[in-house]
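Notes follow once the structure below has been shown.
The values are calculated or read from the model by the stated rules, or taken from the named source; none is laboratory data. Fair warning: this is a prediction, and the values are worked out from it, not measured in the lab. When we count neighbours, we look across all protein chains shown, and the Cβ atoms used for this are built from the backbone with ideal geometry, even at glycine. The protein model used for the area step is the full one, side chains on, heavy atoms only, and it has no ligands, DNA or RNA in it. Shrake-Rupley method; radii C 1.70, N 1.55, O 1.52, S 1.80 Å.
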Amino acid sequence: MTAHQKAHALQLRKGSRPIAALTAYDYPSARLLDDSGVDLLLVGDSLGMVVLGFPDTTHVTLAHMLHHVAAVARAQPRALIVGDLPIHTYDTPAQALATARSLVAAGAEAVKLEGGIRQAEKIRAITQAGIPVMGHLGMLPQRVLEEGGYHKKGKTPAQIEAIREGAEAIIDAGVFAIVFESIVPETARLLSNSISVPTIGIGCGLRNCDGEIAVLTDLLGSYPWFVPPFAKPEADVATVTRDAVARYVARVTAC
Ligand code: KIV
């Protein structure tokens, strides 16, 4: 399937089968996730935190993203590969398009960027060039410094309206789906039921959106130093790793 066919097939899932998405940052995890039936692999700029050890995603560069997108693309997954546009690589429509093109050249099949009305013209520039775009509304991690932390969104009528207007603007600009991050459950459900493209939730409560996305390390329990309150780990890879390495060390150093 082409990138467009994959994105379109996901768009058509609204109202029928929920979308299961995960972040992936390298070749082996992309292969394993694809084997397990994930629909969409996001090479998210969360890699700045959970792979590169930065305090937040504002340190991620395009060079970081290209490196990890290329690794994921080498796995040739059936799932749609979406690459994040890092902060300050989409300040104008022309820059957004150039960044999107370089992510596609590295192997991304679609791109994602954060924000609503302010980003609509940038999204339009990318979709008109034939590259599928996924939006991202609610809590926007690239604004963590301006906002002084990670805060829940969609609590007040004004916030709900702002998210709705943002969604309508970016849908008009051509997004095939929208990530909803840390939007209060009732608002996420209300908006998901009233917009025309699938919403993919994280931190919005289960089943309030048309799909779910999780950061892989939250799901696997492999980044124990920061676990968001909404994370639902399915494994404890940190403990498995420490125990296996301790056994190795003991075996090697035994006299
Ligand atoms: O970068 C990322 O991993 C993301 C998800 C949290 C949706 O944007």
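Tabulated data
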{"quantity": "Matching residues in the range 142-169 - criterion: being open to solvent by 30 Å² or more (accessible area, probe 1.4 Å), within 20 Å of Pro228 (Cβ to Cβ) and part of a loop (DSSP other than H, G, I, E, B)", "calculated": "Gly148, Tyr150, His151, Lys152, Lys155"}
{"quantity": "Qualifying position, being over 25 Å from Gly37 (Cα atoms), open to solvent by less than 50 Å² (accessible area, probe 1.4 Å) and hydroxyl-bearing (Ser, Thr, Tyr), among Thr187, Thr199", "calculated": "Thr187"}
{"quantity": "Residue, modelled with the lowest pLDDT, within the range 140-152, restricted to residues that are of a type in the set (A, V, I, L, M) and within 17 Å of the chain's Cα centre (by Cα)", "calculated": "Val144"}
{"quantity": "Residue pairs meeting the criteria (Cβ under 7 Å; at least 6 apart or on separate chains; first of a type in the set (Val, Ile, Thr), in the range 44-65; second open to solvent by less than 20 Å² (accessible area, probe 1.4 Å) and outside any helix (DSSP H, G or I))", "calculated": "Val51/Tyr25; Thr57/Asp45; Val60/Asp45; Val60/Pro86; Thr61/Pro86"}
{"quantity": "Residue within the range 130-137 that is modelled with pLDDT under 95 and either more than 16 Å from the ligand (Cβ to nearest atom) or of a type in the set (Phe, Trp, Tyr) (or both) present", "calculated": "no"}
{"quantity": "Check on Gly201, closer than 21 Å to Ala120 by Cα, more than 15 Å from the chain's Cα centre (by Cα) and at pLDDT 95 or above", "calculated": "no"}
{"quantity": "So Pro198, is it within 16 Å of the ligand (Cβ to nearest atom), closer than 17 Å to Glu114 by Cα and in contact with an Asp or Glu (Cβ under 6 Å, 6 or more places away or on another chain)", "calculated": "yes"}
{"quantity": "Residue under evaluation Thr217, criteria (1) open to solvent by less than 30 Å² (accessible area, probe 1.4 Å); (2) over 17 Å from the mean Cα position of the chain (by Cα), criterion not met", "calculated": "(2)"}
{"quantity": "Per-region count, the range 100-127, residues away from the ligand (no atom under 15 Å from the Cβ), farther than 27 Å from Ile160 by Cα and either assigned to a helix (DSSP H, G or I) or of a type in the set (Val, Ile, Thr) (or both)", "calculated": "6"}
{"quantity": "Members of the range 111-140 that are closer than 23 Å to Phe180 by Cβ, touching a Leu at 6+ places or on another chain (Cβ under 6 Å) and among the aliphatic types (A, V, I, L, M)", "calculated": "Val111, Leu113, Ile126"}
{"quantity": "Single residue of the range 210-255 satisfying the filter (among the β-branched types (Val, Ile, Thr) and part of a loop (DSSP other than H, G, I, E, B)) that is modelled with the lowest pLDDT", "calculated": "Val227"}
{"quantity": "Test: residue in the range 181-190 that is over 30 Å from Asp26 (Cα atoms), among the basic types (Lys, Arg) and either away from the ligand (no atom under 14 Å from the Cβ) or assigned to a loop (DSSP other than H, G, I, E, B) (or both)", "calculated": "yes"}
{"quantity": "Residue in the range 225-236 that is closer than 21 Å to Asp56 by Cβ, open to solvent by 10 Å² or more (accessible area, probe 1.4 Å), away from the ligand (no atom under 16 Å from the Cβ) and touching a helix residue (DSSP H, G or I) at 6+ places or on another chain (Cβ under 7 Å) present", "calculated": "no"}
{"quantity": "Some residue of the range 128-139 being under 17 Å from the mean Cα position of the chain (by Cα) and in a helix (DSSP H, G or I)", "calculated": "no"}
